[in-house]
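Colleague: Quick one: structure below, then a few questions.
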Amino acid sequence: MIDQNNWDDMPTTKIMHGDCMKLLKSLPSNSVHSIVTDPPYGMSPDGIARTWADIEEGKNIKGFMGKEWDSAVPCHNFFAECLRVLKHGGHMIAFSSTRTVCALGMAAQQGGFVIRDMIHWCYFSGFPKSHDISKAIDREAGAVREVVGYQKLTGNAAMSLKDKGGTYASNTNSKGIKPIDAPITKPATQDAQKWEGFGTALKPAVEPALLLRKPLEKGLTIAQNVLKHGTGALNIDACRFGYGDPCWVGPQELTGSRLTKTGSPFSLQINDETSGNFVENNQGRWPANLYQCAKASRSEREEGLDHLETTKGFEAVHRKEGSAGLDNPRAGAGRTANEVRNIHPTVKPIKLMRWCCRLIGGQKGSVILDPFTGSGTTGAAALLEGFDFVGMELTSEYLPIIDGRIEAARKQYKLENAQLPLF
């Protein structure tokens, strides 16, 4: 039996509803230890990266799945407010897209942050959204391509395959996507033959995140700042990549030598500072600015939401039932499920966000802020890692999802930290 009286130290969570720019102004200066957030990516259809300084233009264009909140990335004024509420030396991790992270980085620097690094989340499961140049040339020439064979496609490839007359994708359900036989054609014109094999896009496999830091308090060394404010340092040992953990995509074999001194292995940090050579550490590899894990599964997205009403998959992504747009990988969350409860389109995996919280959160009990709480992933991750959490969310329909997932995290925290009574 779990002693329920052992949870007086349960991390606290506070969710604030409203515009984060207004809510940030209500927080005291130097009041939070770190910020971990997944802000709007500004995925405008015209491919131009905008900040909130261009918000009127961004609203007219809209963003991912037509969401106005995703029409532009936060501007320097947002980062200036984040800088104000952070303690001196506090870190911030802000996710972005590969084509808009440049605008986010400039805004962060203009807001007063120092860019320390860029973390790359690798997931490998993205599907290329490329335009076949050879087929486009034949299509514009009015030429009919000869079918020379068929290729069996499954998963996202089956869902996304379309031609001018409609989609080849079969009906989908909660059990998966039915494989299809896709036609293989050969170029019909000389120009199309010349450009066979050319496209317009790479396969998406990573999302970048800026690792930012508020400058240390003036006149303090890093050691003095850490002792005074509890901020400024990264928790290296807690975030090491365990040997064999797929979060590290590099070689898994141990390539370094174990050096011992009075029977104990040298620390990797000590060795780096003295010779620069790699030495094995029992706790795992030094954490890198690259982290691999799969996207959040449907079961993870729905954890703690059994009490909520379901929404049809096509409704969750604002598509018409049976439409070709529903088969597009860009349709977002819910497109492959009959019914969903978590309707947020961009849910991060909890494993990734727990690692981010550990990395910059500092000591247990410190406060982590997320101005864009979304479906509550960062809040759940912060709680599970023992940090107090303050979240802000503008969209009211996401609030019940946040509450359900936070409550599920509370139950998991109790299980992970259970202390059985001695008698």
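The values are calculated or read from the model by the stated rules, or taken from the named source; none is laboratory data. Source: prediction; values computed, not measured. With ligands, DNA and RNA removed, areas are computed over all heavy atoms of the protein, side chains included. Shrake-Rupley method; radii C 1.70, N 1.55, O 1.52, S 1.80 Å.
Colleague: Out of the total accessible area of segment 78-159 (probe 1.4 Å, heavy atoms of protein only), what percent is carbon and sulfur?
Modeller: Carbon-and-sulfur percentage of accessible area, whole number: 55.
Colleague: Moving on to the next point. Compute, for residue 343, the solvent-accessible surface of its heavy atoms (probe 1.4 Å) with the complete set of protein chains present, and express it in square angstrom to the nearest 10.
Modeller: 30 Å²
Colleague: Of 392, 43, which has the most accessible area with a 1.4 Å probe, and how do the rest follow in descending order?
Modeller: Descending accessible area places them as 43, 392.
Colleague: Residue 198: accessible area at probe 1.4 Å, nearest 10 Å²?
Modeller: Answer for residue 198: close to 100 Å² accessible.
Colleague: When only the heavy atoms of the protein chains count and the probe is 1.4 Å, how do 148, 85, 367 rank by accessible area, highest first?
Modeller: So, going from the largest accessible area down, we get 148, 367, 85.
Colleague: Moving on. Give me a comma-separated list of calculated 3J(HN,Hα) values for segment 235-250, in order, Karplus coefficients 6.51, -1.76, 1.60 applied at θ = phi - 60°, integers in Hz, x for any Gly or Pro.
Modeller: 7, 4, 5, 6, 10, 4, 8, x, 4, x, 6, x, 4, 9, 8, x
Colleague: Now, a different point. Considering amide H positions built from the backbone, and no H for Pro or chain starts, which residues 5 or more places from residue 118, or on another chain, come under 5 Å of its amide H?
Modeller: Result for residue 118 returns 211.
Colleague: Right, another one. What accessible area per residue, rounded to a whole number of Å², is obtained for segment 350-403 using a probe radius of 1.4 Å?
Modeller: So segment 350-403 comes to 25 Å² accessible per residue, rounded to a whole number.
Colleague: Express in nm, to one decimal, how much length is gained between residue 221 and residue 184 on full extension, taking 0.36 nm for each residue of separation and deducting their alpha carbon distance.
Modeller: Extra length available between residue 221 and residue 184 comes to 6.9 nm.
Colleague: Once amide H atoms are placed 1.01 Å from N in the peptide plane, what residues at a sequence separation of 5 or more from residue 34, or on another chain, have their amide H within under 5 Å of its amide H?
Modeller: Result for residue 34 returns 367, 369.
Colleague: Please list, in order along segment 205-214, the HN-Hα scalar couplings obtained from phi with the Karplus expression 6.51 cos²θ - 1.76 cosθ + 1.60 (θ = phi - 60°), rounded to whole Hz, x for Gly and Pro.
Modeller: Values per residue, Gly and Pro as x: 9, 9, 10, x, 9, 6, 9, 10, 9, 6 Hz.
Colleague: I would also like to ask the following. Leaving ligands and nucleic acids out of the surface, order 32, 206 by accessible area at 1.4 Å, largest first.
Modeller: Highest to lowest solvent-accessible surface, that is 206, 32.
Colleague: Here is a further query. Please report the accessible area of residue 285 (heavy atoms, 1.4 Å probe, ligands and nucleic acids excluded) in Å², nearest 10.
Modeller: 20 Å²
Colleague: Could you pull out every residue, at least 5 positions away or on a different chain, whose amide H is within less than 5 Å of the one on residue 339? Hs are placed 1.01 Å off N in the peptide plane, and Pro or chain starts have none.
Modeller: Sorted by chain and number, the residues that satisfy this are 313.
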